[in-house]
Every structure is written in C-alpha cells, then in structure tokens.
1. Is there a residue in segment 41-56 that is within 19 Å of residue 139 (Cβ to Cβ) and surrounded by fewer than 20 Cβ atoms within 10 Å (Cβ to Cβ)?
2. Out of everything in segment 189-202 that is crowded, with 21+ Cβ neighbours inside 10 Å and either assigned by TED's automatic domain parsing to the domain that holds residue 272 or touching a helix residue (DSSP H, G or I) at 6+ places or on another chain (Cβ under 8 Å) (or both), what residue ends up being farthest from residue 264 (Cα to Cα)?
3. Regarding residue 297, is this residue at pLDDT 95 or above and in contact with a strand residue (DSSP E or B) (Cβ under 7 Å, 6 or more places away or on another chain)?
4. Please verify whether segment 205-223 includes one or more residues that are under 29 Å from residue 38 (Cα atoms) and touching a residue at least 40 places away in the same chain (Cβ under 8 Å).
5. Of the residues in segment 277-292, how many are under 22 Å from the mean Cα position of the chain (by Cα) and surrounded by fewer than 14 Cβ atoms within 10 Å (Cβ to Cβ)?
6. Any residue that is in contact with a helix residue (DSSP H, G or I) (Cβ under 8 Å, 6 or more places away or on another chain) and either within 21 Å of residue 152 (Cβ to Cβ) or modelled with pLDDT of 95 or more (or both) - is there at least one of those in segment 24-32?
7. Quick one: which helices (runs of 4 or more DSSP H) sit completely within segment 98-204 and have at least 2 residues that are under 25 Å from residue 316 (Cβ atoms) and more than 19 Å from the chain's Cα centre (by Cα)?
8. Conditions first: (1) assigned to a loop (DSSP other than H, G, I, E, B); (2) crowded, with 18+ Cβ neighbours inside 10 Å. Residue 316 passes all but one, so which condition is the exception?
C-alpha cells in the first residue's frame, strides 16, 4: 500500500474552489484501497502570514470541519494538525543544514517577495524546508501537487537525496502526482476563485449570506429580454460545474432564448448549491458547534502520525550521532 500525503494551510474557511478543485479529488483518491492517505492541517505554515492566535485556531477548525463534512475517512486514513507533531520542527532544523542557501533563495515562494524583503520573515524563506520535513517525516511515497507547487516538491526530493547520500538510505524520496486537467473554478469576478482575490463563494454561510455572495457574481449589462452567451457568463460556468446534464441543457437554452435574466440565473445557482451540499453544510455546522469532537479526531490522527514521526526521527538522530 502506497502512502499519499496532503497538507492544507489553515488560511480560512475552504471555499467552493477549494472543495471542487482539491477536497473532493483528494478524498476520492484516499478512498482507493491501494492508498493510505495522510492529511494534515498546516497551521504552522500559516504563521508566516497570520499572527493572530484566535484566527489560526478558528481557521484550523474550519478546515478540519470542511474535510470531515465531505467524508474524509479518519478510520482508514490519518488526519492531524501539524502543530501537534513537534518532531517536524526538529527535523526541519536537521534538514536545513543540508539545504543550500541558493536553493531557498530561488524558491518561488521567496522570490515573489524579493522586491519587499523588509516585509519578509525568515519563516517565508524556510517554508520549503518545513514542507520537506512534513513530507519526509512520514515516509510519503506520493504527494499530489499542482504545477505551481512542483518546485517545492523537487526541493523536498533534493533535500532527502542529499541526506541519503551523506548517511545512507534514510528517507523515502517522494514522487509528485500531478493532475494535468486541474479544474478551474471561476470566482465571482470571473478570475480564478481565490482568497487573495477576495472573490470566493463560501458554501457554508447561512442561506441569507450565501445568496448575497452569489448575487455579487459579475455579469454583463444585457437586459432580461436579450439572448445571452452562456459560455462567457461566470454564473453559468459555475452552475455547470455543479449541475447534471439535464439542468445544464435547460440553463443553456434559457440563456440563448432570451427572456431570462441574470438575477434568475443567480437564484438558480444559489438553490443548486444549497440542494447539492445540504448534507455537507449540516455536517460542517455540526462540527463547528462541537470543537471538542474536532480536537478528539485530530488527536487520534496525531497519535497515529507521531508513532511514525518518532521512528523516523530516531533513525535520523542515530545517523547524525545524537543520543535517543
């Protein structure tokens, strides 16, 4: 059985783009009997940008509740909070001593901020090393990544290989699994849905607030009576990601026929979201109302993960000449 590892930053409530593009595909992958999935909430990574304890804590609960609401199986797989595994920070230091400075200086996560270094903390610079420790610590065979994350995975592979070349086979050198046809989820402004663009749809909002969010989707100025092109409309683009073939066909015909306004289309999208995710919305609210249950599930996962983490770190310390 191969081990697959996925990390999710605790930067806020997962939005519709996260759900369709990451959560559902990852859960489907974890359900394959040939795989064992490790899923962790990267709350320590979040500290590079968020310095409010309450925000990090609440974001972590939100991420956990969303994944559980969509059916991540914590009995078959391992689900934990990064900060509950102190071994990862010790390993990060060891790995940093095998990481060339230019490798980190050339990391996209750092280079993108190189024109404003006064605002960059050391955590941003060391981000790829902590990510490497997150992966290597658990002997992960595969790491699902988008094309924009390939560089970090290559850094992980280089660090693991460097250590192995010095001390003999110690770490599993992970491989990337890249989804070529990544689903592009448009935000309410037509750009890619992203928290950084402030254009997301949070499906877990109360109905009134969710309707307001959907109604903010940007459209052109065509009147109700005019025929419309569904393929250029953000409302339709989101709708067809969630609807069945009959619903899509009907919506397309409504657009092209005319006499169908964008307000009506947005209301149809809102109703579809509520109906499609009724179970997940209920489960999310259940977990967010019972943080003790979330903590319990995360602790069970952390206890499982630490058994592997301690064993890996024991091997590393022995190789480095430190007492266990």
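The values are calculated or read from the model by the stated rules, or taken from the named source; none is laboratory data. These numbers were taken from a predicted model, which means no experiment stands behind them. Ideal geometry is used to build each Cβ from the backbone, glycine not excepted, and the neighbour counts take in all protein chains shown.
1. Just the residues of segment 41-56 that are within 19 Å of residue 139 (Cβ to Cβ), to begin with: 42.
With the extra rule that they be surrounded by fewer than 20 Cβ atoms within 10 Å (Cβ to Cβ), the set shrinks to none.
Looking through segment 41-56, none of the residues is within 19 Å of residue 139 (Cβ to Cβ) and surrounded by fewer than 20 Cβ atoms within 10 Å (Cβ to Cβ).
2. So, considering only residues that are crowded, with 21+ Cβ neighbours inside 10 Å and either assigned by TED's automatic domain parsing to the domain that holds residue 272 or touching a helix residue (DSSP H, G or I) at 6+ places or on another chain (Cβ under 8 Å) (or both), the one farthest from residue 264 (Cα to Cα) is 193.
3. On the way: at pLDDT 95 or above: yes; in contact with a strand residue (DSSP E or B) (Cβ under 7 Å, 6 or more places away or on another chain): yes.
Against the criterion (at pLDDT 95 or above and in contact with a strand residue (DSSP E or B) (Cβ under 7 Å, 6 or more places away or on another chain)), residue 297 qualifies.
4. Here is the first cut: in segment 205-223, the residues under 29 Å from residue 38 (Cα atoms) are 205.
Right, trim to touching a residue at least 40 places away in the same chain (Cβ under 8 Å) and you get none.
Within segment 205-223, not a single residue is under 29 Å from residue 38 (Cα atoms) and touching a residue at least 40 places away in the same chain (Cβ under 8 Å).
5. Here is the first cut: in segment 277-292, the residues under 22 Å from the mean Cα position of the chain (by Cα) are 277-288, 291.
Checking which are surrounded by fewer than 14 Cβ atoms within 10 Å (Cβ to Cβ) leaves us with 278-279, 282, 286.
Looking only at that region, the number is 4.
6. We begin by selecting, within segment 24-32, every residue in contact with a helix residue (DSSP H, G or I) (Cβ under 8 Å, 6 or more places away or on another chain); these are 27.
Checking which are either within 21 Å of residue 152 (Cβ to Cβ) or modelled with pLDDT of 95 or more (or both) leaves us with none.
Among the residues of segment 24-32, not one is in contact with a helix residue (DSSP H, G or I) (Cβ under 8 Å, 6 or more places away or on another chain) and either within 21 Å of residue 152 (Cβ to Cβ) or modelled with pLDDT of 95 or more (or both), which makes the answer no.
7. Details: elements: 101-105, 108-111, 122-136, 150-167.
Passing ranges, in order: 101-105, 122-136, 150-167.
8. (1)
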